[in-house]
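Read-outs: derived from the displayed coordinates by stated rules, not from any lab. What you see is a predicted model; the values in this text were computed from it and never measured. Glycine also receives a Cβ, built like all others from the backbone with ideal geometry; neighbour counts cover every protein chain displayed.
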C-alpha cells in the first residue's frame, strides 16, 4: 500500500506555501510599477522597453506557475483517492471490531492517547466545552473515559454519560462524590441498535460531547450518528466531537498503523453539512487531538428559571 500519509504531507506543504496569494501580490506590485514607469516615460526619454518586457515575462511565468501548482495538487489528490481504498476497507473492519473490544482495551487506548495531548490543547478543549455548558439544558458526554473532560460539563442538567458498556462508565463515575453521582444519568448504546439513541428524547439536548469515540468509527457510521444526534439536539444545540483528521499526515499515519479509522476532514465536513449542521470551529493539534464544533440551526432557548445550587467536590 502506498504511504497515504506521505502524499497528504506533500499536498499540505504545497498548500501551505500560499503560492497563489504570493503570486497575486507580486503581479499587483508589477502592475503598479509598470504604471509608474509609463508615467515617467511620458516625461523623459528613458528607454524602458527592456524593463517592460522583463516585467511582462515575470507576470506571465508567475501566473503559469500558479496553474501548474494547482494542477499538481489536483494530481496528488487524485493519487490519494486512488490508493486510499485499502485504508477505507481497514477502517470498516476496525469500526466493527471496536464494538467487541473489552472495556479494558478501550480504556487503555483512551489513557494512551490522552498522554499524547499537549497541555495547551487540553486546556483549550476544556475551555471550549465550558463555553457551551449551561445548567438550562440537558447534556450528554459520549465515551467519558476517565472523566478528563466530564468535569467541564457539570453545569449541564441533567448530564448523561454514555458508552457501549456499563464498565466504561465506572472510571468517570468515580470522579464525583455520591451526591453528584445521584444526579448523573448513565446509559449504554450500541451500533447494532436502530436507532442508536432510541431511548433518548429528541429535540432536548443543548450540548453533546463525544471524546475518543469517533476515532474508531468509519465514514458510514459517522453519517448514521450525525443524523441521529441532529435529532437529539434542540435548535441551536451544539455537538463537539474529537476524531482522527486524515487531512493531516499524523491522522493518516494513525490509520496506516490500524490505530484509528481513516476519516478525512473534508469528507467529514460534507457529512456534517448533509446532516443539516453548521460548522462553527475546526481544530487540529498536529494530529494528537482534532475536534470540530458544529451546531443545529436556530437559537438555543430554555424555559427554566433557576437551578438548585450545589458544589461539585472530588470524591475522597
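For residue 70 and residue 283, what does the FRET efficiency come to when R0 = 30 Å and r is the distance between their Cβ atoms, rounded to the nearest 0.05?
Using R0 = 30 Å, I get an efficiency of 0.65.
Students often check this: by mean Cβ neighbours within 10 Å, which of 105-114, 244-253 ranks highest, and how do the rest follow?
The densest-packed peptide leads the list: 244-253, 105-114.
Can you compute the modelled spin-label distance between residue 38 and residue 89, with each label point 7 Å from Cα toward Cβ, in nm?
6.1
Set the Förster radius R0 to 22 Å, insert the Cβ-Cβ distance between residue 15 and residue 259 as r into 1/(1 + (r/R0)^6), and round the FRET efficiency to 0.05.
So the FRET efficiency works out to roughly 0.30.
Which of the peptides 199-209, 122-132 is most tightly packed, and how do the rest follow, going by the mean number of other Cβ atoms within 10 Å of each residue?
Going from most to least packed, we get 199-209, 122-132.
In which sequence would 257, 165 go, from the one with the fewest C-beta neighbours within 10 Å to the one with the most?
In order of increasing Cβ crowding within 10 Å: 257, 165.
Taking 0.36 nm per residue of sequence separation and subtracting the Cα-Cα distance, how much length would be gained by fully extending the chain between residue 301 and residue 119, in nm to one decimal?
Taking 0.36 nm per residue and subtracting the Cα distance, the gain is 62.2 nm.
Rounded to the nearest 5, what % of DSSP beta bridges with both residues in the chain are antiparallel?
Counting only bridges with both partners in the chain, antiparallel ones make up about 40 percent.
Give me the one-decimal Kirkwood hydrodynamic radius in Å for the chain, with the sum taken over alpha-carbon pairs.
With all distinct Cα pairs of the chain included, I get 22.5 Å.
Can you pull the one-decimal nm distance between simple spin-label points at residue 6 and residue 224, each 7 Å off the Cα toward Cβ?
Between residue 6 and residue 224, the label points sit 3.6 nm apart.
Need the full-extension length gain, residue 267 to residue 53, defined as separation in residues times 0.36 nm minus the C-alpha distance. One decimal, nm.
Stretched out fully, the residue 267 to residue 53 stretch lengthens by 72.5 nm.
Ranked highest first by the average count of other Cβ atoms within 10 Å around their residues, in what order do 88-98, 175-185 fall?
88-98, 175-185
Only Cα pairs within less than 10 Å get springs; with that Gaussian network setup on the chain, which residue of 213, 197, 39 has the largest fluctuation?
Largest GNM mean-square fluctuation: 39.
Whole angstrom only: what separates the Cα centroid of region 195-253 from the Cα centroid of region 97-151?
Cα centroid to Cα centroid, the span is 13 Å.
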